[in-house]
Amino acid sequence: MPVARVALDVPLPKLFDYACEAAPPIGARVLVPFGAKQVVGVVCEIARASEVPAERLRPLGRVLEDTPPLPAEWLELARFASDYYQRPLGEVIAGALPPRLKRAEPLRARAAAATPSAETRFTPGPALTAAQIAAIEALQSALGRYAAHVLYGVTGSGKTEVYLHVVRAALERGTQALVLVPEINLTPQLERELRERFPGVAIALAHSGLADTARARAWLAAQAGGARIVLGTRLAVFTPMHALGVVIVDEEHDASFKQQDGVRYSARDLAVYKAHLARCPVVLGSATPSLETFANALADRYRLLRLPDRARAEAALPTVRLVDTRRDAPADGLAPAVVEAIGARLARGEQSLVFLNRRGYAPVLACSACGWVGDCTRCSAHLVVHLGERRLRCHHCGLEAPVPRACPNCGNVDLTPFGRGTQRLEDSIVARFRDARVLRIDSDSARGKGRWEAMLRAIRAGDVDILVGTQILAKGHDFPRLTLVAVANADAALMAADYRAPERLFAQLQQVAGRAGRAELPGEVLIQTRYPEHPIYQALVAGDYERFARAQLEERAAAGFPPAVAEAVLRAEARELDAALAFLAHAITRAPTAADDAALFDPVAMTMPRLAGWERAHVLVQSRSRRALQNYLSEWIETLYAERAPRGVRWHVDVDPVEF
Ligand code: ADP
Ligand code: ZN
Ligand code: ZN
């Protein structure tokens with residue numbers, strides 16, 4: 001009797017065996033008994049016999065035939081993710097499947113999608129620039145085989161137009177395109193563009209904002225081949241494709257491509273592997289490629305395609321100026337030079353954006369009498385004051401409390417909000433520019449169905465004079481009337497201990513600066529800082545990403561950080577920090593010993609130890625060789641899985657971590 005080996009959503013690194021009369025197809029969804037329950041799993045292997053004794057081998061429930069078996073290539077990607085990220089295959093598969101397909105109730109069939117027509121209609125766009133033509137030709141000639149490309153194009157250089165032409169070429173060959181963007185917010189705009197340029201072409205969306213059934217249907221349409229283009233966020237990388245012809249990762253440097261819980265995968269890196277499996281090109285696009293990607297380009301593993309200028313002849317890159325706040329002291333958050341620049345825009349009927357990457361009214365509420373500070377009880381973080389709703393909120397775990405009337409410690413009624421968030425900045429801008437129409441855009445104000453789209457429309461229609469916003473505004477949007485970007489406070493990021501902080505800050509400021517002057521009106525960027533001589537700010541003024549990136553790569557290599565080395569952490573979480581540290585100290589004694597090619601560091605608490613009631617600590621592992629690191633980790637983890645973790649301690653491995 002054949003044995004089906006099934007992946008289940010269970011934190012154990014193994015497949016589960018079930019006896020069956022006839023072997024189900026590999027990749028089939030099946031309903032199987034597990035303990036007292038019936039659960040949905042995926043058949044990964046068929047074996048002739050099982051190591052489970054015959055009397056304990058349970059029979060397979062039934063094959064779920066409402067969906068076709070998952071393709072071999074899809075299982076291959078899941079296996080790769082399981083090996084690379086050191087997570088059980090069952091967990092990877094469960095994390096990848098749309099929630100609706102983890103339920104057994106059959107998905108009702110829908111009328112078959114129209115068969116794809118051979119002639120792709122393509123609405124022509126603007127006449128291409130020479131740089132766009134060169135990039136498109138390079139990418140078109142790469143179709144049909146695996147090759148990784150970095151499309152390094154300054155903001156406004158017309159990367160989207162390059163993507164569209166490459167998608168068109170892939171569709172004309174009868175293949176499909178997968179397009180990934182870092183945030184849900186960026187999907188509507190690109191979806192609209194794709195629908196306009198490819199009329200009649202079936203496009204499937206894949207992101208967490210879709211209803212369960214819609215997401216499952218889109219998944220099936222991609223697998224059957226009816227959907228020609230799949231557009232989505234990081235989870236879209238797991239969409240099964242009938243005939244994948246090109247993969248595009250827009251804003252590839254964005255940290256949102258890294259999943260931060262469960263299977264901690266990088267969708268950008270999996271996208272590269274997916275292209276490899278499908279033997280098709282992958283395009284990683286960015287104005288500030290990640291240092292990992294840039295290093296791959298410098299090493300000729302990825303091919304570098306440059307778009308050095310803005311696409312529109314009339315749109316020059318904005319000029320960047322530093323406002324030294326030691327001399328030009330801000331009042332209510334804005335230096336006189338910035339106030340003046342905003343005033344000039346108002347007089348000319350142009351738009352300004354004041355960027356502050358901190359939402360809420362103030363980041364801290366404190367008592368000046370006794371020193372009490374409003375802290376989250378569940379995280380090592382201050383509660384943020386949201387004055388409008390009179391709430392204190394933790395931006396890490398979501399905990400909420402009313403703003404206290406008096407100090408809970410000493411009764412003083414004079415509690416002071418310290419620091420400045422977007423709400424407070426908005427208030428002071430409204431007070432200063434009485435006739436201006438001010439709009440605050442952050443994830444608080446943009447929450448709610450249709451709000452974000454409505455705000456974008458208002459900006460485009462010219463119904464807004466001054467925008468106050470966080471990084472939510474920084475990415476991918478085109479605001480033709482916006483000519484001034486003022487960065488209110490970026491210095492805090494210079495002090496961060498994280499070695500990735502300079503890279504992130506540079507990318508973020510370059511992105512937000514890129515919103516200025518995208519049409520015929522020239523753009524200006526003013527950065528308020530106490531450290532105008534800092535190399536990051538100097539690089540921004542020079543507009544020289546490449547020099548900045550090379551310098552960072554040298555620093556990282558000298559200090560022994562990625563991408564010069566590969567790294568992973570073993571992270572432990574417990575109610576008490578000591579328990580997490582003790583587990584890690586024990587885990588180290590179980591680590592492979594004969595390993596000169598991997599270095600193990602001491603257990604330490606994370607930079608923000610407490611999150612949502614869990615104390616977190618980790619052990620860092622580094623190696624010059626990615627392969628050596630993989631081998632080391634899998635050997636180590638095997639022993640850890642074999643032992644039972646102490647009660648109340650949970651652990652996981654994070655490969656290529658971005659949080660320390
Ligand atoms: P990026 O993604 O590189 O920042 P976009 O793709 O958003 O840039 O393009 C910036 C603007 O330039 C868009 O309004 C786009 O329509 C326009 N554009 C792109 N290519 C051309 C071109 N060849 N000629 C004129 N305008 C172009
Ligand atoms: Zn007090
Ligand atoms: Zn919290």
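The values are calculated or read from the model by the stated rules, or taken from the named source; none is laboratory data. Keep in mind that what you see is a predicted model, and the values were worked out from it rather than measured. Neighbour counts are summed over all protein chains in view; Cβ atoms, including those assigned to glycine, are modelled from backbone coordinates with ideal geometry. The accessibility values were calculated without ligands, DNA or RNA, using every heavy atom of the protein model including side chains. Shrake-Rupley method; radii C 1.70, N 1.55, O 1.52, S 1.80 Å.
Could you check how much of the accessible area of region 56-155 is carbon and sulfur, as a whole percent, using a 1.4 Å probe?
Of all accessible area on region 56-155, carbon and sulfur atoms account for 54 percent.
If the limit is 20 Å between Cα atoms, which of 102/274; 37/102; 258/475 go over it?
Working: 102/274 23 Å; 37/102 14 Å; 258/475 17 Å.
Distance filter (> 20 Å) returns 102/274.
With every protein chain kept in place and ligands, DNA and RNA left out, what is the accessible area per residue of region 406-545? Probe 1.4 Å, answer in Å².
Details: 5730 Å² over 140 residues.
Counting only protein heavy atoms, the per-residue value for region 406-545 is 41 Å².
Using alpha-carbon positions, what is the distance between the centroids of region 423-478 and region 171-193, in Å?
Region 423-478 and region 171-193 have Cα centres spaced 26 Å from each other.
With a 1.4 Å probe and all protein chains left in place, how much of the accessible area of region 542-648 comes from carbon and sulfur atoms, in whole percent?
For region 542-648, the apolar C and S fraction of the accessible surface comes to 51 percent.
Which FRET efficiency, nearest 0.05, do residue 83 and residue 300 yield, Cβ-Cβ r, R0 25 Å?
With a Förster radius of 25 Å, E is 0.45.
As a check on your grasp of the helix formula, calculate [θ] at 222 nm for the chain: sum -39500 (n - 2.57) over DSSP H runs of n ≥ 4, divide by the residue count, round to the nearest 500. Present the calculation step by step, with values, prior to reporting the outcome.
Numbers: 16 runs with 193 residues, N = 660.
My calculation for the chain gives -9000 deg cm²/dmol from helical runs alone.
From the mean inverse distance of alpha carbon pairs (Kirkwood) and the Cα radius of gyration, derive Rg over Rh for the chain.
Taking Rg over the Kirkwood Rh, I get 0.98.
When DSSP assigns beta bridges and you keep just the ones with both residues in the chain, what percent turn out antiparallel, to the nearest 5?
Counting only bridges with both partners in the chain, antiparallel ones make up about 50 percent.
At 1.4 Å probe size, with every protein chain present, just tell me what the per residue accessible area of region 238-305 comes to in Å².
Averaged over the residues of region 238-305, the accessible area is 29 Å².
Ordering 429, 588 by how much accessible area each has at a 1.4 Å probe, largest first, what is the list?
Working: 429 0, 588 50 Å².
Putting 429, 588 in descending order of accessible area: 588, 429.
For residue 386, what accessible area in Å² do you get when you roll a 1.4 Å probe over the heavy atoms of the protein chains, rounding to the nearest 10?
Here the residue's solvent-accessible area equals roughly 0 Å².
Ignoring ligands and nucleic acids, what accessible area does residue 382 show with a 1.4 Å probe (Å², nearest 10)?
90 Å²
What length, rounded to one decimal in nm, is gained on full extension from residue 499 through to residue 133, with 0.36 nm per residue of separation minus their alpha-carbon distance? Walk me through the numbers before you get to the answer.
Values: separation 366, 0.36 × 366 = 131.76 nm, distance 3.69 nm.
The residue 499-residue 133 span can extend by a further 128.1 nm.
List every residue whose amide H lies under 5 Å from the amide H of residue 157, counting only residues 5 or more places away in sequence or on a different chain, with H placed 1.01 Å from N in the peptide plane.
Amide H neighbours of residue 157: 311.
To the nearest 10 degrees, how steep is helix 422-432 against the longest Cα principal axis of the chain, on a 0 to 90 scale?
In the chain, helix 422-432 runs at an angle near 20 degrees to the longest axis.
Normalised by the residues of the chain, what does the relative contact order come to in percent, with Cα pairs under 8 Å and at least six apart? Write down the numbers at each step before the final one.
Numbers: 1347 pairs, mean separation 76.2, N = 660.
This gives 12 percent for the chain.
What order do 377, 529 take when sorted by accessible area (1.4 Å probe), most exposed first?
Largest accessible area first, the residues go 377, 529.
Each residue of region 172-188 in turn: what ³J(HN,Hα) in whole Hz from Karplus with 6.51, -1.76, 1.60 and θ = phi - 60°, glycine and Pro shown as x?
Values, residue by residue: 5, 7, x, 9, 10, 10, 10, 10, 10, 10, x, 9, 3, 3, 8, 6, x Hz.
List the residues, sorted by chain then number, that are 5 or more residues from residue 384 or on another chain and whose placed amide H is less than 5 Å from its amide H.
Placed amide hydrogens put 393, 394, 395 under 5 Å from residue 384.
How large a share of the accessible area of region 1-42, in percent, is made up of carbon and sulfur atoms when the probe is 1.4 Å and the other protein chains stay in place?
61 percent
Calculate, for region 1-146, the solvent-accessible area per residue in square angstrom, rolling a 1.4 angstrom probe over the heavy atoms of the protein chains.
For region 1-146, the per-residue accessible area is 55 Å².
Once both labels are modelled 7 Å past Cα along the beta-carbon direction, what's the residue 460-residue 447 spacing in nm?
2.6 nm
If R₀ is 35 angstrom, what is the calculated FRET efficiency for the pair residue 146 and residue 211, using the beta carbon separation as r and rounding to 0.05?
Plugging the Cβ-Cβ distance into 1/(1 + (r/R0)^6) gives 0.50.
What ³J(HN,Hα) values, in whole Hz, does the Karplus curve 6.51 cos²θ - 1.76 cosθ + 1.60 give for region 290-301 when θ = phi - 60°, with x put for Gly and Pro?
4, 5, 4, 5, 5, 4, 4, 5, 5, 8, 6, 6
Residue 370 versus residue 224, label points 7 Å from Cα toward the beta carbon: distance in nm?
Simple spin-label model gives 6.7 nm for this pair.
Just to make sure I understand: if all protein chains stay in place, what is the order of 498, 300, 427 by accessible area at 1.4 Å, largest first?
Per-residue accessible area, sorted high to low, gives 300, 427, 498.
Report, in degrees rounded to the nearest 10, the 0 to 90 angle that the Cα long axis of helix 545-559 makes with the longest principal axis of the chain.
It works out to around 60 degrees.
What full-extension length gain, to one decimal in nm, is calculated for residue 123 and residue 390 as 0.36 nm per residue of separation minus the Cα-Cα distance?
Net length gain for the segment: 91.1 nm.
Could you give me the ³J(HN,Hα) list for region 399-409, computed from phi with Karplus coefficients 6.51, -1.76, 1.60 and θ = phi - 60°, whole Hz, x at Gly and Pro?
4, 10, 8, x, 5, x, 6, 9, 4, x, 8
Using the basic label-point model (7 angstrom from Cα toward the beta carbon), what is the residue 585 to residue 631 distance in nanometres?
3.2 nm
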